[in-house]
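We did not get these values from a lab; they are worked out from the coordinates using the rules stated. Here the structure is a predicted model, which is why all the values come from computation and not from measurement. Cβ atoms come from the backbone with ideal geometry, glycine included; neighbour counts cover every protein chain shown.
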Number of protein chains: 2
Amino acid sequence: MINSRVAVAIHILALIASRPHDDLPSDYIASSVNTNPVVIRRILGMLRKAGLIRTSVGKAGAALAKEPFQISLLEVYQAVEKDSELFAVHENPNPHCPVGKRINAVLNEAFHSAQSALENKLAAQNIQGIMDHLFNEG
Amino acid sequence: MINSRVAVAIHILALIASRPHDDLPSDYIASSVNTNPVVIRRILGMLRKAGLIRTSVGKAGAALAKEPFQISLLEVYQAVEKDSELFAVHENPNPHCPVGKRINAVLNEAFHSAQSALENKLAAQNIQGIMDHLFNEG
DNA sequence: TTTTTTGTAACTGAATTAGTTACAGGATAG
DNA sequence: CTATCCTGTAACTAATTCAGTTACAAAAAA
């Protein structure tokens, strides 16, 4: 299962986007997510390094670096999940076996098409869309 | 990253499919995968419980329970990965926060569309296709 | 100057993973 | 028949990842 940092990161960004005029401290965000403030600051750090938000040391609040509709869920996913491969492949299959010799090339191709489909769906969604679902529906 | 059992399971099935008249012991399969025979037998057990292969206690060899083209990579994936949710979501976001109150419903929807895209791509591929790539191309 | 806050290091415990040893008991070969 | 081969499974290990936590230096704000 993919870790919950992606979910928390989207939660954080939606919260910031929904309160653009407030400087939300990590303690406040943590109480919305229901976790420890350090967990929030760690994820804020990843989002900052990915260029999605701006923060200031010692000063409460984070600001989105782009408009909510310009922040795709794929960017968020890749900000908090540095491993670019979704599927693990076993190392060093037997090169003297006709299957082992080529299995990794074939698996990589098969897995890549699935991973791309996933990423395309994430790329097609953004923080504004999350906001719309949070506040304008149901 | 999704564990390597999926990759190993596909390797195993392709190997069995490519040698339908041989009874391959787990030691032999293990030497192709380059791991321990118990790792192979564990995965064979999962594939058997999923109805993809048949084995006999004490007797070498596993037989596919269906034709290679009828075994999709999605079935293999689900055989060795019992967790049906791809993305983790943080538990108990704050119900008193307008974002926390609804974030999980929105996240589940967003993640589900991505997961479905992945699963559809896996469902569209099967062991015969893996064999074709292994032996009829490149 | 006192308080608040960030950023980050360091540690913890839980969970997962792949690999390993061990062995009971079924199947097979001589 | 019996010695060997093999499966299925339990149990243990070491490595890794994860979320949560404590601690604290340094920046910002009250």
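Residue count for region B:42-58, restricted to those that are part of a helix (DSSP H, G or I) and more than 8 Å from DNA strand C (Cβ to nearest atom): 7.
In region B:27-41, what count of residues is obtained for those that are away from chain A (no Cβ under 12 Å) and either near DNA strand C (Cβ under 9 Å from one of its atoms) or of a type in the set (Phe, Trp, Tyr) (or both)?
Of the residues in that region, 3 qualify.
Checking each residue in region A:51-74 for being surrounded by 15 or more Cβ atoms within 10 Å (Cβ to Cβ) and touching a residue at least 12 places away in the same chain (Cβ under 8 Å) picks out A:52, A:53, A:61, A:62, A:64, A:68, A:71, A:72, A:73, A:74. Summed over region B:76-109, the residues that are closer than 30 Å to residue B:66 by Cβ and either in a helix (DSSP H, G or I) or among the polar types (S, T, N, Q) (or both) give a count of 6.
Just checking, which of B:49, B:121, B:66 is of a type in the set (Lys, Arg), within 17 Å of the chain's Cα centre (by Cα) and facing chain A (nearest Cβ under 9 Å)?
Going through B:49, B:121, B:66 in turn, the sole match is B:121.
The single condition from (1) over 29 Å from residue B:121 (Cβ atoms); (2) within 15 Å of DNA strand D (Cβ to nearest atom); (3) within 16 Å of the chain's Cα centre (by Cα) that residue A:61 fails is (3).
Of all residue pairs spaced 6 or more apart or on separate chains, those with beta-carbon atoms under 8 Å, a first member in region A:28-50 that is within 10 Å of residue A:12 (Cα to Cα) and a second member that is of a type outside the set (Phe, Trp, Tyr) and assigned to a loop (DSSP other than H, G, I, E, B) are A:30/A:36; A:32/B:93; A:32/B:94; A:32/B:97; A:33/B:90; A:33/B:93; A:33/B:94.
Looking only at region B:102-138, residues that are surrounded by fewer than 18 Cβ atoms within 10 Å (Cβ to Cβ), touching a Pro at 6+ places or on another chain (Cβ under 7 Å) and free of Cβ contacts under 8 Å to residues at least 24 places away in the same chain come to 1 in all.
Answer with yes or no whether residue A:54 is more than 14 Å from chain B (Cβ to nearest Cβ) and out of contact with any Gly (no Cβ under 6 Å at 6 or more places or on another chain). Here the answer is yes, as residue A:54 does meet what is asked. Would you confirm whether any residue within region A:75-82 is among the hydroxyl-bearing types (Ser, Thr, Tyr) and touching a residue at least 60 places away in the same chain (Cβ under 8 Å)? Yes, region A:75-82 contains at least one residue that is among the hydroxyl-bearing types (Ser, Thr, Tyr) and touching a residue at least 60 places away in the same chain (Cβ under 8 Å).
Taken together, the residues in region A:82-118 that are more than 9 Å from every other protein chain (Cβ to nearest Cβ) and either among the acidic types (Asp, Glu) or in contact with a Lys or Arg (Cβ under 6 Å, 6 or more places away or on another chain) (or both) amount to 1. Please verify whether region A:6-26 includes one or more residues that are at the interface with chain B (Cβ under 7 Å from one of its Cβ atoms), within 16 Å of DNA strand D (Cβ to nearest atom), outside any helix (DSSP H, G or I) and surrounded by fewer than 16 Cβ atoms within 10 Å (Cβ to Cβ). Taking every residue of region A:6-26 in turn, none turns out to be at the interface with chain B (Cβ under 7 Å from one of its Cβ atoms), within 16 Å of DNA strand D (Cβ to nearest atom), outside any helix (DSSP H, G or I) and surrounded by fewer than 16 Cβ atoms within 10 Å (Cβ to Cβ). Within region A:17-26, if we keep just the residues that are of a type outside the set (Asp, Glu) and within 11 Å of DNA strand C (Cβ to nearest atom), the residue that is nearest to residue B:77 (Cα to Cα) turns out to be A:26.
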